[in-house]
Structure formats: C-alpha cells, structure tokens
Amino acid sequence: AFKPRVFSGVQPTGNLHLGNYLGAVSRWVPLQDQMETIFCVVDLHAITAGFPDRGELQKATREVTAAYIAAGIDPKKSIIFNQSQVREHAELAWIFNCVARIGWMNRMTQFKDKAGKNRENASLGLLAYPSLMAADILAYKATHVPVGDDQKQHLELTRDIAQKFNNDFADRIKDLGVGVPNPEPSPETPEELFFPITEPMIAGPATRIFSLRDGTKKMSKSDPSDLSRINLTDDADAISKKIRKAKTDPEALPSEVDGLKDRPEAENLVGIYAALAGKTKAEVLTEFGGQQFSAFKPALIDLAVEVLAPMTNEMRRLLADPAEIDAVLKAGAEAASAIAEPILKDVRKVIGF
Ligand code: ADP
Ligand code: NA
C-alpha cells in the first residue's frame, strides 16, 4: 500500500490572507502528528501570471515560509521547502503535460477566471498549471491533499492524470515491479498502481472564505482591494478597520444555519468566526442569534486579533533573520529531493527513457 503522506502548498504571490490560513495552513497543523507532511512554497506556480520584479519572489517566498512556521508548521515535524529548488517538479510536470489532454485543461474554471477575456494572451504555463500541481503532489506519491474548496477541480484533474498514467503504463509498471497492489480493483483499473489516487481533504467551516467587500468573490491575494482581505501581517488596527467596513446586510443574525441562506456576507462572517473559534456555524449562531452586526463585529474583531496577533509577531521575528528561514528551506529541499528523486527514477524507467 502507499505510505500515507500529505502534500500541500501556497503561492508566493504576496502575503498570506485569512482565506489561505483558515482554508489551508491552519488545517495542516494537526496533520503533522498523524502522517508524513510536506509543505511547499510553490514559486513555479507564481510565475504563471507574469514574472515578478527582481527580489519580489525571494521576499514573498520568505514571507510565506515565515507564515507557515508562525502558524505552527514545525520544521522538525514537516518538510518545508520551495518548489524551484527540487527539479523533479518541473520534470514530472512536463511528462504530465504529455499525459493530460488539452480538453481537460480547457475545462478548468480557474484558468478561465485568471486568463480573463484575453485568453489567447495568457501564458501557456497558466493553462498547464494543474499539470504542475499534479506533479507537485505525485512526485511524492502523496495520498492526501488538504486545500480550500477552490482547488477541488484541480485535484480531480490530478486524480485523472494518475489514473491515466497507471492505466496507460499498466504492463510496464507490472513488468518493472514498481507498482503496489490496487486497493480497489475493478474491471476498468489495473491490478497494480504506480501513483496513488490522491484523496482531497476539504472540510470544516472555512473551506471557502469570501471577500469582505463582496460575499460572492473568494478572498484572494490577487483582489486589488486591500479592504477585501485580512492579511496575516495586518496589525490590530487594520483588522479592526477591515471588519468594521466589511459589507453586511441590515438584518440581525439568525439563530439557525438555515437563516444564512441567501445572505452570503453574513454567512461569510459567521464562517470566519466559527473557524477562528474552532466551532461550528450552528454553535456560533446559538451564541449570537438575534444580535445585530454592530454587536457581532466587535466580537469577531476581538477573536481575530486574539488568534492572529501572536502569529503576526512571530512572523516579524522570523523575518528579521532571513538566514534562518533560508536554512529551513535548504534542509527542506534536501529532504524533499530524497523522496522525489527515486520516484522520478522509476517514472523514467516506466516511460522508457
Ligand atoms: P490565492 O488564491 O490567494 O492566490 P493560493 O492559490 O496560493 O492562494 O492558495 C493556497 C491555499 O489557500 C489553497 O489550498 C487554497 O485552496 C487556499 N485558499 C485560497 N483562497 C482561499 C479562500 N478564499 N478560502 C479558503 N481557502 C483558500
Ligand atoms: Na487558489
């Protein structure tokens, strides 16, 4: 059987925001004690939308790494590294470009969103992004991927690529003795698998955090409005201002989750409170049902500051010593390479190089 192994990552395209923290990084922390965990700063993905100014990529990579550590990712328990330092990602991505079909990529909604109207002028890398993401995961034969809900479609594509590779090369995988028995054999799938069919881990009250300015758009680093997101580097004043200005409706909070239907802004703030407090939305509404936003927002501000301030301080402390961060990334890249290299060696044998 495949060894249980977690892989996930964040792009160094700016600072981490509350959506990245609640939807992804905070949920990685408890996994460190349950499985082997690998967390990557995905800098090769960060160039799909354009090459940042000189120095920006390195700065953002250090910031994301500091945020990981400040959020509780422990370099002693997890491998932390940046993607460009382990060559196997790019090599396997190329091979997957030849496994995946153009039609699969054309169906990706994130590509359509990010490319916008001028699709012909988007980079080829932006279109092939999910193929690199599949390579990130499968270069380690990772079995579990904790991400936000926005990544669901890309993870399905990772599963499709793994499946097609396992099927297309079934005979060679068997002959070379590089597969493991298929835990769920069926007439359509081979007896032995080379890549695992990765399980997405998308659960909890914060799988998708929305913009504070528009309850239908996801909170994102690429949103031009800084009021739309809470950054992990925001101080108490900034957090307070952004939550006070967050868009809401005039109604009081309902006492049951059903009452949040068609109230995206209210649902978003309740979801954020729930995730920060480690509660369900129902529990939050039991406490605040019937109250106005004028009462709920100050409680949310207090909670957000209580959770985020220690992390912000720790990030500042870490960023004051970039050499320490670089050392973590270097050791992480060596540990990651030690896993990915033998896997790629087998991949080369399977495809016949
Ligand atoms: P962004 O979309 O801000 O550029 P990334 O693409 O680097 O962020 O995503 C990093 C991780 O954060 C992924 O697991 C993604 O699913 C998660 N994530 C990003 N935005 C949100 C959000 N608004 N709510 C929940 N999770 C999110
Ligand atoms: Na994303």
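Contact annotation: residue pairs with Cβ atoms under 7 Å, 6 or more positions apart or on different chains, pairing a residue in the range 16-40 that is farther than 20 Å from THR233 by Cβ and of a type in the set (D, E, K, R) with a partner that is modelled with pLDDT of 95 or more and within 16 Å of ligand 2 (Cβ to nearest atom), are ARG27/PRO146. Which residues, counting only those in the range 221-247, are in a helix (DSSP H, G or I), touching a helix residue (DSSP H, G or I) at 6+ places or on another chain (Cβ under 8 Å), crowded, with 17+ Cβ neighbours inside 10 Å and not basic (Lys, Arg)? Within the range 221-247, ILE239, SER240, ILE243 meet the criteria. Exactly one residue out of PRO190, PRO205 is in contact with a Gly (Cβ under 9 Å, 6 or more places away or on another chain), without any contact (Cβ under 8 Å) to a residue 60 or more places away in the chain, in a loop (DSSP other than H, G, I, E, B) and more than 16 Å from ligand 2 (Cβ to nearest atom), and it is PRO190. Based on this model, can you work out whether THR216 counts as among the hydroxyl-bearing types (Ser, Thr, Tyr), part of a loop (DSSP other than H, G, I, E, B) and out of contact with any strand residue (DSSP E or B) (no Cβ under 8 Å at 6 or more places or on another chain)? So THR216 fails the test.
Among helices (runs of 4 or more DSSP H) entirely within the range 248-338, having at least 3 residues that are closer than 18 Å to LEU232 by Cβ singles out 264-277, 293-319. Going through (1) aliphatic (A, V, I, L, M); (2) assigned by TED's automatic domain parsing to the domain that holds VAL64; (3) more than 16 Å from ligand 2 (Cβ to nearest atom) one by one, LEU157 falls short only on (3).
Criterion first (more than 13 Å from PHE195 (Cα to Cα), crowded, with 16+ Cβ neighbours inside 10 Å and free of Cβ contacts under 8 Å to residues at least 12 places away in the same chain) does ALA122 satisfy it? Judged against the criteria, ALA122 is a match.
For the range 68-91, how many residues are of a type in the set (Lys, Arg) and closer than 15 Å to LEU31 by Cβ? Selection size over the range 68-91: 2. Residues in the range 108-119 that are loosely packed, with under 13 Cβ neighbours inside 10 Å and not in a helix (DSSP H, G or I): GLY116, LYS117, ASN118.
Within the range 145-172, the set of residues being surrounded by fewer than 16 Cβ atoms within 10 Å (Cβ to Cβ), within 16 Å of ligand 1 (Cβ to nearest atom) and polar (S, T, N, Q) comprises GLN153 only. With respect to being within 30 Å of PHE210 (Cα to Cα), in contact with a helix residue (DSSP H, G or I) (Cβ under 9 Å, 6 or more places away or on another chain) and loosely packed, with under 15 Cβ neighbours inside 10 Å, ALA277 falls outside the description. Looking across ALA115, ALA134, ALA93, one residue alone is among the small types (Gly, Ala, Ser), within 16 Å of ligand 1 (Cβ to nearest atom) and within 30 Å of ASP326 (Cα to Cα). It is ALA134. Given (1) within 19 Å of ILE137 (Cα to Cα); (2) surrounded by 22 or more Cβ atoms within 10 Å (Cβ to Cβ); (3) within 16 Å of ligand 2 (Cβ to nearest atom), where does VAL86 come up short, assuming only one miss? In the conditions (1) within 19 Å of ILE137 (Cα to Cα); (2) surrounded by 22 or more Cβ atoms within 10 Å (Cβ to Cβ); (3) within 16 Å of ligand 2 (Cβ to nearest atom), VAL86 misses (3) alone.
Restricting to the range 191-208, count the residues that are out of contact with any strand residue (DSSP E or B) (no Cβ under 7 Å at 6 or more places or on another chain), surrounded by 15 or more Cβ atoms within 10 Å (Cβ to Cβ) and at pLDDT below 95. Adding up the residues that qualify gives 5.
The values are calculated or read from the model by the stated rules, or taken from the named source; none is laboratory data. Values in this document were obtained by computation on a predicted structure and should not be read as measured data. Note that we place each Cβ from the backbone using ideal geometry, even for glycine, and neighbour counts take in every protein chain shown.
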